[in-house]
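Participant: Please see the structure below; I have some questions.
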Amino acid sequence: MANYFIGDLQGCFKGLQQALATVEFNTSKDTLWLTGDLIARGKQSLETLDYLFSHQDCVKTVLGNHDLHFLSVANKLKKENPKDLLSPLLNSPKLPKYIDWLREQPLLLALPDNSGYLSHAGLAPDWQVEDAIYWSQQIHDILFSSNYVDFLPSMYGKKPTKWDNNLTDTDKFKYSINAFTRMRFCTQNGDLEFNSKHSPNELTDKNLLPWFEYDKKRFKQNKWLFGHWASLMGVTNNKNVIALDTGFVWGQYLTVYNLDKNAYIQIPA
Ligand SMILES: [Mn+2]
């Protein structure tokens, strides 16, 4: 009955297989939790979804920016980026069922022991956990609806960068998706910033801080597990803020976190 959390797979099916073999994952007893960005950039996005779809009873995942963008590409709203290596998946007869499975997945999951939450990027600067729960549900309802394709174009763009209860619904959705799936740094004032991808150690702009350094008391009672930010290499300097994307697709390693034992396992690429 173990719960294993794995960072961004990005189509690295061999890495996933290696990780599951290493922990002797039991599909009838254990649960695999994923930080999103299941596909794109790695060579085996189709094989990854084949596995996750056929084992969906023991798989829980949030959506990442690559997964959401894939919905746009699959619906021909955006052009395929050759770097994403998604052609086998896009040309597969299984595409419609994988689109539907992906859009059923949430942006936020509560941890099984109620110790906190999991999202792809993080918790928006001026939000409390309750706000994240509310907006993840709103977006989930839209993605799950039959006219979800109409919504997809509105999720692109960096603005608004700051939450405000007076924003239009469209802007609230865009901000929410950016916070859940794309955010890394924000300003001291709580504006989302999307230009920097490096680690906080390499930061030259003293006005920026990682989202999890903003209003840190939010993570005193709640753990936050996330992916998306490979250059952190798992370092947040906060035991309750757990970064699981350790750049497997870029030749680093896959991190497997055993929640029940609070133990980490590294699978080198
Ligand atoms: Mn990502």
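Participant: Computed FRET efficiency, Cβ-Cβ of Ala263 and Asp150, R0 51 Å: what is it to the nearest 0.05?
Facilitator: Plugging the Cβ-Cβ distance into 1/(1 + (r/R0)^6) gives 0.70.
Participant: Summing +1 for each Lys or Arg and -1 for each Asp or Glu, what net charge is found among the other residues whose Cβ lies under 12 Å from the Cβ of Leu86?
Facilitator: Details: positive: Arg41, Lys43, Lys78, Lys79, Lys83; negative: Asp67, Glu80, Asp84.
Here the charged neighbours net out to +2.
Participant: Which length gain, in nm to one decimal place, applies between Ser115 and Lys60 when the Cα-Cα distance is subtracted from 0.36 nm times their residue separation?
Facilitator: Length gained between Ser115 and Lys60: 18.2 nm.
Participant: Tell me the Kirkwood radius of the stretch 87-167: reciprocal of the mean inverse pair distance over distinct alpha-carbon atoms, in Å. Can you show the working numbers first?
Facilitator: Details: mean 1/r = 0.0669 Å⁻¹.
Result for the stretch 87-167 stands at 14.9 Å.
Participant: While we're here: May I ask you to rank Met233, Met155, Met1 by accessible area, largest first, using a 1.4 Å probe over the protein chains only?
Facilitator: Met1, Met233, Met155
Participant: Which order do you get for Asp164, Asp171 if you rank them by accessible area with a 1.4 Å probe, largest at the top?
Facilitator: On the way: Asp164 70, Asp171 50 Å².
Descending accessible area places them as Asp164, Asp171.
Participant: Here is a follow-up. For the stretch 130-215, state which trypsin sites (Lys or Arg not before Pro) are in a DSSP loop and have at most 10 other beta carbons lying within 10 Å of their beta carbon.
Facilitator: Sites meeting the loop and neighbour criteria: Lys206.
Participant: Could you provide, to the nearest whole Å², the per residue accessible area of the chain with probe 1.4 Å?
Facilitator: Ligands and nucleic acids excluded, the figure is 46 Å² per residue.
Participant: Continuing with this model, one more query. Using a 1.4 Å probe and ignoring any ligands, DNA or RNA, find the accessible area of Leu232 and quote it in Å² to the nearest 10.
Facilitator: Counting only protein heavy atoms, Leu232 exposes about 10 Å² to solvent.
Participant: Compactness ratio of the stretch 34-149: Cα Rg over 2.2 N^0.38 Å, N = residue count?
Facilitator: 1.09
Participant: Ignoring ligands, DNA and RNA, what percent of the 1.4 Å accessible area of the stretch 65-207 is carbon and sulfur? Spell out each step's value before the answer.
Facilitator: Working: 3370 of 7010 Å².
In the stretch 65-207, the share of accessible area belonging to carbon and sulfur is 48 percent.
Participant: Enter the accessible area of Val149 (Å², nearest 10), with the probe set to 1.4 Å and all protein chains included.
Facilitator: Approximately 40 Å² for this residue.
Participant: Can you give me the Cα centroid spacing of the stretch 227-265 and the stretch 99-160 in angstrom?
Facilitator: Rounded to whole Å, the Cα centres lie 21 Å apart.
Participant: While we're on this one: Once you treat every alpha carbon in the chain as an equal point and sum by Debye, what is log10 I(q)/I(0) at q = 0.09, 0.11, 0.14 Å⁻¹?
Facilitator: -0.37, -0.57, -0.96
Participant: Tally Lys and Arg at +1 and Asp and Glu at -1 over the other residues with C-beta under 13 Å from the C-beta of Asn65: what net charge comes out?
Facilitator: With Lys, Arg at +1 and Asp, Glu at -1, the neighbours total +2.
Participant: How would His120, His198 rank on accessible area, largest to smallest, probe 1.4 Å?
Facilitator: Listed by decreasing accessible area, they come as His198, His120.
The values are calculated or read from the model by the stated rules, or taken from the named source; none is laboratory data. All of these numbers come straight from a predicted model, not from anything done at the bench. With ideal geometry, Cβ positions are generated from the backbone for all residues, glycine too; neighbour counts draw on all protein chains shown. Quick note on the areas: whole protein, heavy atoms, side chains included, nothing else; ligands and nucleic acids left out. Shrake-Rupley method; radii C 1.70, N 1.55, O 1.52, S 1.80 Å.
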